[in-house]
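Peer 1: Mind looking over this structure? Questions follow.
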Amino acid sequence: MSFKPHFVFILSSLWFSSTVFGTERPQQVHISLGADPTEMVVTWVTEHHISGKPCVEYGETDLSMKAFGKSYRFVDGGPEKRHFFNHRVKVKDLKAGHKYQYHCGSDEGWSSVFTFSTLKAGTEWSPRLAVFGDMGAVNAQSFPRLEQDVRRHRYDAIIHVGDFAYDMDSDNARVGDQFMRLIEPIAAVVPYQVCPGNHENKYNFSNYDNRFSMVDTTSGHVNNHYYSFNIGPAHFVSLSTEFYYFTEFGWYQIGRQFRWLEADLRAAAAPEARHKRPWIIVVAHRPLYCQTDAHECSPIGDHHSSSLQRKRLRTGIKIKNAGNAKYGLEELFHKYNVDIQLYGHEHNYQRLLPLYDNEIMNGSQSHPYVNPKASVAFVTGSAGCSEKHSKFIVKPKWSAFRSSDYGFTRMTIHNKTHISMEQVSDDQ
């Protein structure tokens, strides 16, 4: 690869605060990116059905413009069969790089007024993102700093790489409500992009599917399990590693996602597309290589090897009636020169050396991340949850840096040749 990423690791201190939330409707307001910078999707919840269509009133200086969407009744799978109503409105024809104010609801009740800024158009700008996974409704250690950063307009988007609330379905989905209220101060202001983790699996991922609205850039449709989006000079590809593990919900989705993924990566890696957006970044929950979680990982090669893998993700899984197809991800990432992989799942921070097929592929001995010959993976699953930290069990040769501190990652895509990654510690 011909790119020259530069990575930074910084530890910072944090103070804590607590917030008490009410039950006003609408609630749990959050936004996500549309198909291009002229769109934004607003999603929220009400406890009861509303008459008429859900509405977003918005504008640059007032709330004189309106957009309407659809409502969906959601019935949780728990014993109470609790139900509530999700509302989704796609706001279109916005100006790229402009600030808007909005509120959402209906004549039966409106949310507070929030603001958001649309993404800038084109590729000649420097997006700033917060990236983290595994944040719960309890022990969300990183949330105060994230909220502080958002208030200071530090991010253009947020990426949560799976595992929400711990768990969204708990207490008949009330824990999911609690979590969505918790993140509203940041998620209603900055696009909150997500992918599914293992803690979302209950009732076939139904709480996750119904609470979020991830739009695929190519199709323009909502698909919360796999989709792609563009931010400045980077193409992001979000996918579900959980299809490979929760096969009780079916096998076909593994192949379906893989075929979509290859088509998306092929298009992103085409010369014209790669010239426009040279960075290809994969977002998923479970990393291909392990430093914790021995129960789901296996040694690579020798039984006593310190290199551990999630084999069904890295090299694939045999599926009945699928012929020789195994749908392994690592070879596909390497074939299309994926630059960066962002993961959670392990409750710590890890930066790996450029790695393919268990071989370190540094750009050079002194500058491993300058023109690396393979993808660079980051694990950022330490935002804080009830399960606390994951214990490191091995120190493989490809581990460049790791930390058990609570924290999250700041990513800055400076231009078409440089990206910096800053890990914020909430323990120091």
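The values are calculated or read from the model by the stated rules, or taken from the named source; none is laboratory data. These figures come from a predicted structure and were not determined experimentally. Methodologically, a virtual Cβ is constructed for each residue, glycine included, from the backbone with ideal geometry; neighbour enumeration extends over all protein chains shown. Note: accessible area is taken over every heavy atom of the protein model, side chains too, but ligands, DNA and RNA are not part of it. Shrake-Rupley method; radii C 1.70, N 1.55, O 1.52, S 1.80 Å.
Peer 1: Taking amide H atoms as placed 1.01 Å from N in the peptide plane, list the residues 5 or more away in sequence, or in a different chain, whose amide H sits under 5 Å from that of residue 401.
Peer 2: Result for residue 401 returns 351.
Peer 1: Given a Förster distance of 25 angstrom, what is the FRET efficiency for residue 427 paired with residue 138, based on the Cβ-Cβ distance and rounded to 0.05?
Peer 2: According to the calculation, E is roughly 0.90.
Peer 1: Tell me the accessible surface of residue 111 in square angstrom (1.4 angstrom probe, heavy atoms of protein chains only), to the nearest ten.
Peer 2: Ignoring ligands and nucleic acids, residue 111 comes out at about 10 Å².
Peer 1: With an 8 Å Cα cut-off and a minimum separation of 6 or more residues, compute the relative contact order for the chain in percent.
Peer 2: 20
Peer 1: Based on the Cβ-Cβ distance from residue 60 to residue 112, what FRET efficiency comes out when R0 is 22 Å, to the nearest 0.05?
Peer 2: The pair residue 60/residue 112 has a calculated efficiency of 0.75.
Peer 1: May I have the pair-distance distribution P(r) for the range 201-267, computed from all Cα-Cα distances with 5 Å bins from 0 and rounded to whole percent?
Peer 2: Binned Cα distances yield the sequence 3, 16, 25, 25, 18, 9, 3, 1.
Peer 1: Taking a ≥ b ≥ c as the square roots of the Cα gyration tensor eigenvalues, with a/c under 1.5 meaning rounded and otherwise prolate when a/b beats b/c, else oblate, which class fits the range 359-426?
Peer 2: oblate
Peer 1: Report the full-extension gain for the segment residue 389 to residue 273: residue separation times 0.36 nm, less the Cα-Cα distance, to one decimal in nm.
Peer 2: Difference between extended and current length: 37.8 nm.
Peer 1: May I ask for the angle, rounded to the nearest 10°, between helix 252-269 and the longest principal axis of the chain, with both axes built from Cα atoms and the value confined to 0 to 90°?
Peer 2: The angle comes out at about 80 degrees.
Peer 1: In Å and from the alpha-carbon atoms only, list the Rg and Dmax of the range 234-370.
Peer 2: In order Rg, Dmax, the Cα atoms of the range 234-370 give 15.5, 48 Å.
Peer 1: On a 1.4 Å probe surface of the protein chains, which of 411, 65 comes out largest in accessible area, and what is the full order?
Peer 2: Heavy-atom accessible area, descending, gives 65, 411.
Peer 1: Under 5 Å between amide H atoms, partner at least 5 residues away or on a different chain: which partners does residue 194 have, H built in plane at 1.01 Å?
Peer 2: 160
Peer 1: So how exposed is residue 359, as accessible area in Å² (1.4 Å probe, rounded to 10)?
Peer 2: Estimated to the nearest 10 Å², residue 359 gives 100 Å².
Peer 1: Just the accessible area for residue 245, please: 1.4 Å probe, Å², rounded to the nearest 10?
Peer 2: Accessible area of residue 245: about 50 Å².
Peer 1: Taking the range 273-351, which trypsin sites (Lys or Arg not before Pro) meet the DSSP loop condition and have no more than 14 other C-beta atoms within 10 Å?
Peer 2: In loop regions of the range 273-351 (DSSP not H, G, I, E or B), the sparsely surrounded trypsin sites (Lys or Arg not before Pro) are 318, 320.
Peer 1: Ranked from the most accessible area to the least, with a 1.4 Å probe and all protein chains present, what is the order of 346, 296?
Peer 2: Output order, biggest surface exposure first: 296, 346.
Peer 1: Mind putting a number on the dipole of the range 121-425 about its Cα centre? Charges go on the C-beta only, +1 for Lys and Arg and -1 for Asp and Glu, and I need it in Debye to the nearest 20.
Peer 2: The calculation lands at about 600 debye.
Peer 1: Tell me, which cysteines of the chain are without a disulfide-compatible partner by the Cβ under 4.7 Å rule?
Peer 2: For the chain, the answer is 55, 104, 195, 385, because their Cβ atoms have no other cysteine Cβ under 4.7 Å.
Peer 1: Tell me the angle of helix 202-211 to the major Cα principal axis of the chain, expressed in degrees between 0 and 90 and rounded to the nearest ten.
Peer 2: Once rounded, one gets 60 degrees.
Peer 1: Can you tell me the equivalent ellipsoid semi-axes for the chain? Use √(5λ) from the Cα gyration tensor, largest first, whole Å.
Peer 2: Square roots of five times the eigenvalues give 33, 24, 22 Å.
Peer 1: Also: Between residue 93 and residue 322, how many nm apart are label points set 7 Å from Cα along the C-beta direction?
Peer 2: With each label placed 7 Å out from Cα toward Cβ, I get 4.5 nm.
Peer 1: Please give me the summed charge of the neighbours of residue 162: other residues whose Cβ is under 11 Å from its Cβ, Lys and Arg +1, Asp and Glu -1.
Peer 2: Charge balance near residue 162 sits at -3.
Peer 1: Sticking with this one: Looking at the square roots a ≥ b ≥ c of the eigenvalues of the Cα gyration tensor of the range 161-302, which shape do they give, rounded for a/c under 1.5, prolate if a/b is larger than b/c, or oblate?
Peer 2: Because a/c hits 1.5 or more and a/b fails to exceed b/c, the range 161-302 counts as oblate.
Peer 1: Just reorder 306, 390 by solvent-accessible area, largest first, 1.4 Å probe, all chains present.
Peer 2: Ranked list, largest accessible area first: 306, 390.
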